[in-house]
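Some notes on the structure that comes next.
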Amino acid sequence: MRRDVGIRYGPHLAAASVGYVLFSYASVPGVVVETFGVGFTAVGLLMSGALASFVVVQAVGGRLVDDRPTVGVLLAVVVANAGLALVMDLTTSFAVLLALRTVWGLAGGLAVTVCATHLSRVYEGPTATWQQGLNGAMFTGGGAVAFLVTPVVVAQTGWFGVHAVGALVSIPAIVALWAARSRADLTTPRTADGQQVATDGDAAELPSRLEVVRSPIVLLAAACNVATLGAYVTLSTFVPAYFADLGIVGPMSAFALFVASFGRVGGGIAVLRPDIHDGRVIAGAAAVGTVCLFGLLAGTGSGQTAILVVLSLIALASVSLPFGAIFKTTAAATSRDATAVAFVVAIGNVAALVLPAVTGWIRDVTGDYGLAFAVVGALNLVAAVAGIAIARRG
């Protein structure tokens, strides 16, 4: 294998493997309930535990690669992902499974940060945004595949394979990154003038990590990620139930993740035209998402099923579309690229933890999703304004 292939495609293969393990169990909630004798609240905790670790690990995620190449760290993350995927399917205790999912979330959260940092060092300009969008699509695409594959596997095994198949999905990433180790110098951090720091360079060449929270661009990108990631997780979680309320059945969770994947890829393609700024992509996508979400609010109970379905799918694609632009903008805003990405990932995943719970509570109290759509729509309006501010500063 050519070593540059590992540099270019290793992060995308890693993202697919992590996305698979993150979402795999969610495709068979009934099997989790039956196997471990728990309720559906406990099933939700398996996702919450992993996402909580996504947030917590960002405290050290940036530090791991701010001053060193990303290849070795990403290889270790993928190996941990594969190992934990196997171990999770060997336990017969729900408490142990929850603990393992939470520990796995540390590796999963690192993968998001290290992949984004890696790509920001290998690519520049619009190509960097395209690659970031593709990487985000690989995370959601891996989850979509898991929703289709896991029920088939479980039908034959009863349980084993729910996470363990993710170890098989990790093998191409491990091979690619292992082959790329001798080219790790291509993924070293960059100084303020864009030059890469030597692999054995002094960390003093990079500015203080406080530069991250002092950067208006990073703070604006964090606000955008709160809105768009929070909306993406909320919609992908509840779209199947929303469609069920409309009388539509089928593998809607997988379909929702595929829509999100196309949205993320589309966002990367949008900036390949040199006259389109990342901030404009963020603002435009968030604005479309806002209109669609408020359109869903206005259409609740109207009986216009086809219109509501189209609006919900466009909203999901729209809030997914800025992924690449947000992380490209974040990484380019400061020499502490990994710390900046870790900060934005952490803030966004806090929203991803909170908004689905709020949405579920609103659905229980009001009987529909109208107010939840309004909350998420308002956040995306803020993201649209923040995107305009990023474009003007750019």
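Key figures for this structure:
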quantity	calculated
Label point distance in nm, Arg63-Val213, each placed 7 Å from Cα along Cα→Cβ	1.4 nm
Rel. contact order, % - alpha carbon contacts under 8 angstrom, at least six apart, region 1-188	48 percent
Distance cut-off 26 Å, percentage of C-alpha pairs in region 209-393 lying past it	28 percent
For peptides 175-183, 332-340, 363-371, 81-89, sequence by mean Cβ density within 10 Å, most packed first	332-340, 81-89, 175-183, 363-371
Only Lys, Arg (+1) and Asp, Glu (-1) charged, at Cβ; region 209-393 dipole about Cα centre in debye	540 debye
In order through region 28-45: 3J(HN,Hα) via Karplus (6.51 cos²θ - 1.76 cosθ + 1.60), integer Hz, x for Gly, Pro	10, x, x, 5, 4, 4, 6, 5, 10, x, 10, x, 6, 4, 5, 4, x, 5
Value of relative contact order over region 209-393, rounded to a whole percent, pairs C-alpha under 8 Å and six or more apart	44 percent
Mean Cβ count within 10 Å, highest first, over the residues of peptides 25-31, 320-326, 343-349	320-326, 343-349, 25-31
By accessible area with a 1.4 Å probe, ligands and nucleic acids excluded, highest first: order of Val153, Val288, Val114	Val288, Val153, Val114
Carbon plus sulfur fraction of accessible area for the chain, probe 1.4 Å, in percent	68 percent
Accessible area expressed per residue, the chain, with surrounding protein chains retained (probe 1.4 Å, Å²)	39 Å²
The chain: relative contact order in percent, alpha carbon pairs under 8 Å with at least 6 residues between	27 percent
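The values are calculated or read from the model by the stated rules, or taken from the named source; none is laboratory data. Keep in mind the model is a prediction, meaning the values are calculated, not measured. Note that each Cβ is placed from the backbone with ideal geometry, even for glycine, and that neighbours are counted across all protein chains shown. Surface areas here come from the heavy atoms of the whole protein model, side chains and all, with no ligands, DNA or RNA. Shrake-Rupley method; radii C 1.70, N 1.55, O 1.52, S 1.80 Å.
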